[in-house]
1. Mind listing the phi-derived Karplus ³J(HN,Hα) values for the stretch 127-136, rounded to whole Hz, using 6.51, -1.76 and 1.60 with θ = phi - 60°, and x for any glycine or proline?
2. Using just the alpha carbons, could you tell me how many Å³ per residue the convex hull of the stretch 173-334 encloses?
3. If I fit a long axis through the Cα atoms of helix 294-309 and take the longest principal axis of the Cα atoms of the chain, what angle between them do I get, 0 to 90°, rounded to 10?
4. State the answer as a single residue: which of Ala329, Leu296, Val352 lies farthest towards the positive end of the charge dipole of the stretch 293-354, with beta carbon charges of +1 for Lys and Arg and -1 for Asp and Glu, about the Cα centre.
5. Quick check: convex hull of the Cα atoms in the stretch 82-128, volume per residue, rounded to a whole Å³?
6. Compare the Cα positions of Leu307, Ala126, Thr62 along the charge dipole of the chain (+1 at Cβ of Lys, Arg; -1 at Cβ of Asp, Glu; about the Cα centre) and return the one farthest towards the positive end.
7. Angle between the Cα long axis of helix 205-218 and the longest principal axis of the chain, 0 to 90 degrees, nearest 10?
8. Let me have the 222 nm mean residue ellipticity of the chain computed from DSSP H runs of 4+ only, each contributing -39500 (n - 2.57), with the sum over all residues rounded to the nearest 500.
Amino acid sequence: MPWLTGDVHVLTTSTDDPARAAWAAEHFDDWYAAQAAGESHGRADPALWQPGERRAQLEHGTVDDRIHLLLARDAAGAALGAAEVWLPVHDNAHLAIVDAAVVPAHRRRGVGTALLRAGLDVAAAAGRTRVRSTTERPVGVAAGDWPGSAAATAWGFAVAQAVVRRQLLLPPRPGLLDELERAAAPRATGYAVRTWAGPAPQEHVDAIAHLASRMSTDAPRGELSTTPEVWDATRVREGEVLRTAQGRRWWTALALAPGGEPVGYTVLVNSRHEPQRLLQHDTLVVREHRGHRLGLLLKVACLRAALHDVPGAERVTTWNAASNAPMVAVNEALGFRCDEVVEELEAPLEAVRAAAGGVAAGVAR
């Protein structure tokens, strides 16, 4: 359905829209181009999802979230900006995640505000009461000097968690992984690490589901309003099917305690659409088993497995809560270096709606 304000016309679809294929045929390329232009501007390496991944997500759908895509056009049909609204399905039913990006040449015209308002309408119609958004900016750029951060402040968002993005250039220094593994091994006596590529072996799928649930309770969340996530083998398998449809391959390292119970894991992902990059997904060691250098051993094992299969990878990109000192130390030991600051922002939906209603075009993204 279209959403109109002034000379901005917002067109929407979603992962459960029966007409999404027709929408994609007409609008997806412009949606992706607008989103990429807005998100990339001023950033050396924005680490965006590639168009093939996003199109597959729209066509295939996801059981974890209903995702709405919004495209802003002007009266002449030019693409001005793009947004997406993520509505969690299994848990966090109070929450909507809304992110908007405006083509740089069309900023300061109220396009971002129009997209935000349309996204809030989607969220409100789904019964959501809080809205979350994210800004990413290069290290050294102040929040007040970054368009996304300035807009988020004007729209009434508050920083709920500070995150830092780090990158590791590949390959690692010769001998580094061996040195780190030898130094950590004495602290992990009795523990075992298992690695594999692709879908989880049947004997470990319940372990992955358990640890994914713990990820929502044991990882730092700052002031984010989250509820515990519930994972089972079916949800894990459905996620694997989507990754495959997106052209992704992945590697998992699983830590087992001396008694055999799962106590930690990490996942690296590589896309055939961007073969030079490895993306670090979840890394977790449950609270009861921390202090054994398992996080480092998991990351070393997973990186070895991925580099064996993708020797031409050039870098690993990872994100961590700034408050997560143990994981930051692991990443720095591996050679990761900080290059972007990320803010996870939240506010009551109605407060953002009220603020967005009064925002002047001069401060809109």
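Just so it is clear, none of the values below were taken in a lab; they were calculated from the coordinates. Not measured: the values here are computed from a predicted model. Heads up, the Cβs are rebuilt from the backbone with ideal geometry, glycines too, and the neighbour counts pull from every protein chain shown.
1. After applying 6.51 cos²θ - 1.76 cosθ + 1.60, I find x, 7, 10, 10, 10, 10, 8, 9, 10, 9 Hz.
2. Given the Cα convex hull of the stretch 173-334, per-residue volume reads 119 Å³.
3. For 294-309 against the chain, the angle is about 80 degrees.
4. The residue sitting most towards the positive pole is Leu296.
5. So the per-residue hull volume is 54 Å³.
6. Sorting the options by dipole projection puts first Leu307.
7. 60
8. The helix contribution divided over the chain gives -10000 deg cm²/dmol.
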